[in-house]
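Undergrad: Mind having a look at this structure? Questions to follow.
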Amino acid sequence: MDRLVRSRVLMNVVLVAVLLIAAPAAVADVRLPHVIGSNMVLQRDMAVPIWGWADPGEEVTVKIAGQEVRVKADEKGGWIVRLAAMPAGGPHEMTVAGKNTVQLANVLVGEVWVASGQSNMEMGISQVNDAEKEIAAADYPQIRLFDVPKVAAGEPVDDVDAAWLPCSPQNIMAGTWGGFSAAAYFFGRELHKELKVPIGLIDSSWGGTRIEPWTPAEAFADMPMFKEITKQVAQAAPNYKKALADAVTQFEAWLPKARQALDAGKTIPPPPAWPKHPLASEGQPTGLYNGMIHPLAPFAIRGAIWYQGESNHPDGAKYTDMMKALIGGWRKVWDEGDFPFYYVQIAPYGKIYKEDMLPKLWEAQTAAMAIPNTGMIVTTDIAELNDIHPKNKQDVGKRLALWALAKTYGKQDVVCSGPLYKSMTIEGGKVRLSFDYVGGGLAARDGEPLNWFEIAGEDHKFVKADAVIDGPSVVVSSDKVPVPVAVRLSWSQIAQPNLMNKEGLPASPFRTDQW
């Protein structure tokens, strides 16, 4: 008898679940997305969107720091207001009132950045060099952390289940992989120390993911080279609707069989499987944008940092267009113009990359710097050739912060990049290379002769080259190549060249040829 009762209860639960799925969602009290909550940081010196849901037509009032803004919810219950720009400071209280009242405490105004990418961005503070020391020192009440849970979705969703936390040794361990993103934290810590304002960090990252799942559908549609992805995304919704309809038909056929089994005291046959949206996966285009980025917009931000590329390493030059789609798509969604987007050139690694796949990805990442208001840091000198997750995330964060300090915050005395190849001239049997971001001058990191330079003639055969610093240039030659045509630096997945500027920032790998 007990088994039969339990079976009937299970059947009732299934039927109720079906009714709940079929029923229209009821709009309840005034509600905010989780990204708008106590302990948050609002972007300073910028109009700040505050949005949420209420009953259709309900008047909602938002109050903070002497401002009071009213709006009526639309016919679907959505509403949005824009607060006037505020200077850095706080803490403030925010009140959002309609038929009910929501009160938010300990709200700061400062600088807000989104951090995203794959495992090297997700990698938590407990995984880095000097982890115990760094965790113990992570006591910065004016740095606030918002860690987005891993959720892939077939369609853009409105909210994420997360909360803002003040940075403390306890709270910084609340991330998805050994604590909050170390790269993001070290970036934010550097900004906090230099700018002396509150910092809000939103980490939305997932290890092992490609760039396509982080990209909005509209961004693919705007770029003809992604027509196959656009087609895949366009077909996903109708395919899912058909699968849902088929599942409902199967469920309706299953119900009488389940009832008959109950009445006969037999085992209930398993119900039909409920279909999964074809894009609701961390491996499918738009899936992570839908579940982990879309719910954040239009929360006001200063910019974004990005650490990804390992999973796209075979894509070579295509990755530049992928970056254009991602960056352009995010900027369109946030509607803040060309906000800053700074990213990490992935580190050398000796195990999974084949031939020149990694150098070609480095080249594509470097080429993406042509996108307005972007910047790239190089990590060849802090790599671990036997570990795809280098533990020195302190320098990653600091170098990203250099770009922000120099280009976003206008610090005139900051050199933000290592040498980037600019041009070459042939002088007899030698090649003179010129660079941007020379800073205080070129140098060898270890004081040894420059390494990882190669030179070739018309036969396209590269040989190891001698390279010497000559003022702001590097002169490259080899007695095996009397008539040089092309030069390469670090054209290997294990290259860790010693060329840098005197600020200690390494040169980016490059080639002068397109062979």
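The values are calculated or read from the model by the stated rules, or taken from the named source; none is laboratory data. These numbers come from a predicted model, not from an experiment. Note that each Cβ is placed from the backbone with ideal geometry, even for glycine, and that neighbours are counted across all protein chains shown.
Undergrad: If only one of 244, 296 is modelled with pLDDT under 90 and out of contact with any helix residue (DSSP H, G or I) (no Cβ under 8 Å at 6 or more places or on another chain), which one is it?
TA: Result of the check over 244, 296: 244.
Undergrad: Being part of a strand (DSSP E or B) and charged (D, E, K, R) is the filter here, so list the residues in the stretch 439-474 that pass it.
TA: Within the stretch 439-474, 454, 464, 466, 470 meet the criteria.
Undergrad: From the list 375, 350, exactly one residue is assigned by TED's automatic domain parsing to the domain that holds residue 307, in contact (Cβ under 8 Å) with a residue 24 or more places away in the chain and in a strand (DSSP E or B). Which is it?
TA: 375
Undergrad: Which of the following residues is within 30 Å of residue 111 (Cβ to Cβ), in a helix (DSSP H, G or I) and not assigned by TED's automatic domain parsing to the domain that holds residue 138: 411, 407?
TA: The unique qualifying residue is 407.
Undergrad: Hey, does the stretch 382-390 have a residue that's farther than 24 Å from residue 128 by Cα, touching a residue at least 24 places away in the same chain (Cβ under 8 Å) and out of contact with any strand residue (DSSP E or B) (no Cβ under 7 Å at 6 or more places or on another chain)?
TA: The answer is no, given that none of the residues of the stretch 382-390 is farther than 24 Å from residue 128 by Cα, touching a residue at least 24 places away in the same chain (Cβ under 8 Å) and out of contact with any strand residue (DSSP E or B) (no Cβ under 7 Å at 6 or more places or on another chain).
Undergrad: Please pick out the residue among 428, 471, 440 that is more than 30 Å from residue 398 (Cβ to Cβ) and not assigned by TED's automatic domain parsing to the domain that holds residue 190.
TA: Result: 428 is the single residue among 428, 471, 440 that is more than 30 Å from residue 398 (Cβ to Cβ) and not assigned by TED's automatic domain parsing to the domain that holds residue 190.
Undergrad: Out of (1) assigned to a strand (DSSP E or B); (2) under 25 Å from residue 336 (Cβ atoms); (3) of a type in the set (A, V, I, L, M), what's the single condition that is false for residue 86?
TA: Just one mismatch for residue 86, condition (1).
Undergrad: Take the residues of the stretch 298-334 that are under 20 Å from residue 221 (Cα atoms) and small (Gly, Ala, Ser): which is surrounded by the most Cβ atoms within 10 Å (Cβ to Cβ)?
TA: Looking at residues that are under 20 Å from residue 221 (Cα atoms) and small (Gly, Ala, Ser), I get 325.
Undergrad: Checking the structure you have, find out if any residue of the stretch 491-500 is without any contact (Cβ under 8 Å) to a residue 24 or more places away in the chain and buried (at least 18 other Cβ atoms within 10 Å of the Cβ).
TA: no
Undergrad: What pairs come out if I take residues in the stretch 462-482 that are free of Cβ contacts under 8 Å to residues at least 12 places away in the same chain and pair them with residues that are acidic (Asp, Glu) whose C-beta lies under 9 Å away, six or more apart or interchain?
TA: Close Cβ pairs satisfying both conditions: 479/466.
Undergrad: Follow-up question, since we're still on this one. Can you confirm whether the stretch 420-443 contains a residue that is within 21 Å of the chain's Cα centre (by Cα) and surrounded by 16 or more Cβ atoms within 10 Å (Cβ to Cβ)?
TA: Scanning the stretch 420-443 turns up no residue that is within 21 Å of the chain's Cα centre (by Cα) and surrounded by 16 or more Cβ atoms within 10 Å (Cβ to Cβ).
Undergrad: Only one of (1) in contact with a strand residue (DSSP E or B) (Cβ under 7 Å, 6 or more places away or on another chain); (2) touching a residue at least 24 places away in the same chain (Cβ under 8 Å) fails for residue 91. Which number is that?
TA: Of (1) in contact with a strand residue (DSSP E or B) (Cβ under 7 Å, 6 or more places away or on another chain); (2) touching a residue at least 24 places away in the same chain (Cβ under 8 Å), only one is false for residue 91: (2).
Undergrad: Say we look at the stretch 275-293 and pick out the residues that are under 14 Å from residue 149 (Cβ atoms) and in contact with a Phe, Trp or Tyr (Cβ under 8 Å, 6 or more places away or on another chain); which of these is modelled with the lowest pLDDT?
TA: 282
Undergrad: Only one of (1) in the same structural domain as residue 319 (by TED's automatic domain parsing); (2) in contact with a helix residue (DSSP H, G or I) (Cβ under 9 Å, 6 or more places away or on another chain); (3) without any contact (Cβ under 8 Å) to a residue 12 or more places away in the chain fails for residue 196. Which number is that?
TA: It is condition (2) that residue 196 fails.
Undergrad: Where the second residue is among the hydroxyl-bearing types (Ser, Thr, Tyr) and exposed (fewer than 14 other Cβ atoms within 10 Å of the Cβ) and the first is touching a residue at least 24 places away in the same chain (Cβ under 8 Å) and outside any loop (DSSP other than H, G, I, E, B) and lies in the stretch 55-74, which pairs have Cβ atoms under 8 Å and are six or more apart or on separate chains?
TA: Here the result reads 61/95; 62/95; 63/95; 64/95, each pair linking the stretch 55-74 to a residue that is among the hydroxyl-bearing types (Ser, Thr, Tyr) and exposed (fewer than 14 other Cβ atoms within 10 Å of the Cβ).
Undergrad: Another question, if that's okay. Being within 30 Å of residue 165 (Cβ to Cβ) and among the aromatic types (Phe, Trp, Tyr) is the filter here; which residues of the stretch 203-245 pass it?
TA: Once the filter is applied, which keeps residues that are within 30 Å of residue 165 (Cβ to Cβ) and among the aromatic types (Phe, Trp, Tyr), the stretch 203-245 yields 206, 214.
Undergrad: Restricting to the stretch 137-154, what's the tally of residues that are buried (at least 16 other Cβ atoms within 10 Å of the Cβ) and either assigned to a loop (DSSP other than H, G, I, E, B) or free of Cβ contacts under 8 Å to residues at least 12 places away in the same chain (or both)?
TA: Total meeting the criteria: 7.
Undergrad: So residue 370 clears everything in (1) surrounded by fewer than 17 Cβ atoms within 10 Å (Cβ to Cβ); (2) under 19 Å from residue 500 (Cα atoms) except one condition, right? Which one?
TA: Result: residue 370 passes all but (2).
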